[in-house]
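Visitor: A single structure is presented below for examination.
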């Protein structure tokens, strides 16, 4: 399998900077929740959302960029929280800025973008959540109250 556990572990270990395309400033949105988790695990998060960039609003304390091309420093991974049909141009931009990994979130499966990245000899992951995979592979599922290590049949008061 192309996205086996060893490959996912390697990608997450080698990654330091993640550009999150479609990152929302709303705390209850999945993109915000996942990015905040990753930020708490030591990753540098680079928000990419034209709406917030236009308004000059930071997201998670970081300057927001309108596109990947506007990021003035290196990016290891591009994490995509957009519709499947929007991913191919994002993948092309990600290649242009030298990103080593394209990660399409749960429910996002653009096979052409995946093939483009893999043909360039870079990593590509589809239909998986970075937060879930990190928690599963590195023991962080308890962060959201899952796998707390407390087993009891007693009701919590």
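Here, each number is a calculation from the coordinates, and none is a lab measurement. The shown structure was predicted, so the numbers you read here are calculated from the model rather than taken from an experiment. Here the Cβ positions follow ideal geometry from the backbone for every residue, glycine too, while neighbour counts run over all protein chains shown.
Visitor: How large is the Kirkwood hydrodynamic radius of the range 28-77, in angstrom, based on all distinct alpha carbon pairs?
Guide: Details: mean 1/r = 0.0882 Å⁻¹.
Answer for the range 28-77: a Kirkwood hydrodynamic radius of 11.3 Å.
Visitor: When ranked by the protection proxy of mean other Cβ atoms within 10 Å per residue, highest first, what sequence do the peptides 77-83, 20-26, 52-58 form?
Guide: Ranking the peptides 77-83, 20-26, 52-58 by packing returns 77-83, 20-26, 52-58.
Visitor: How many nm is it between the label spots at residue 122 and residue 41, if each spot is 7 Å from the Cα in line with the beta carbon?
Guide: That separation, rounded to one decimal, is 2.1 nm.
Visitor: Restricting to DSSP H runs of at least four residues, report the calculated mean residue ellipticity at 222 nm for the chain, -39500 (n - 2.57) per run over all residues, nearest 500 deg cm²/dmol. Walk me through the numbers before you get to the answer.
Guide: Working: 6 runs with 55 residues, N = 157.
Here the helix-only value at 222 nm equals -10000 deg cm²/dmol.
Visitor: How far is helix 5-14 tilted, in degrees, relative to the longest principal axis of the Cα atoms in the chain, given as a value from 0 to 90 rounded to the nearest 10?
Guide: Tilt of helix 5-14: around 70 degrees.
Visitor: Nearest-5 percent of antiparallel DSSP beta bridges in the range 5-140? Display every interim value, and only then the final one.
Guide: On the way: 1 of 18 bridges.
Of those bridges, close to 5 percent are antiparallel.
Visitor: Ok, one more. For 33, 117, 138, what's the fewest-to-most ordering of other Cβ within 10 Å of each Cβ? Could the numbers behind the result be given before it?
Guide: On the way: 33 16, 117 25, 138 12.
Arranged by neighbour count, lowest to highest, 33, 117, 138 become 138, 33, 117.
Visitor: Let me ask something else. For residue 55 and residue 17 in the same chain, what is the full-extension length gain: residue separation times 0.36 nm, less their Cα-Cα distance, in nm? It would help to have the intermediate numbers written out before the result.
Guide: Details: separation 38, 0.36 × 38 = 13.68 nm, distance 2.34 nm.
The residue 55-residue 17 span can extend by a further 11.3 nm.
Visitor: When a footprinting reagent is the concern and you count Cβ atoms within 10 Å, what order do 131, 36, 41 take, fewest first? Could the numbers behind the result be given before it?
Guide: Details: 131 24, 36 17, 41 14.
So the residues, fewest neighbours to most, are 41, 36, 131.
Visitor: Also, I was wondering about something else. Multiply the residue gap between residue 88 and residue 74 by 0.36 nm, knock off their C-alpha separation, and tell me the result in nm, one decimal place.
Guide: Gain in length upon complete extension: 3.0 nm.
Visitor: Turning to a different aspect of this structure: Can you give me the pair-distance distribution of the chain, C-alpha pairs, 10 Å bins, whole percents?
Guide: Computed distribution, short to long bins: 11, 41, 33, 10, 4, 1.
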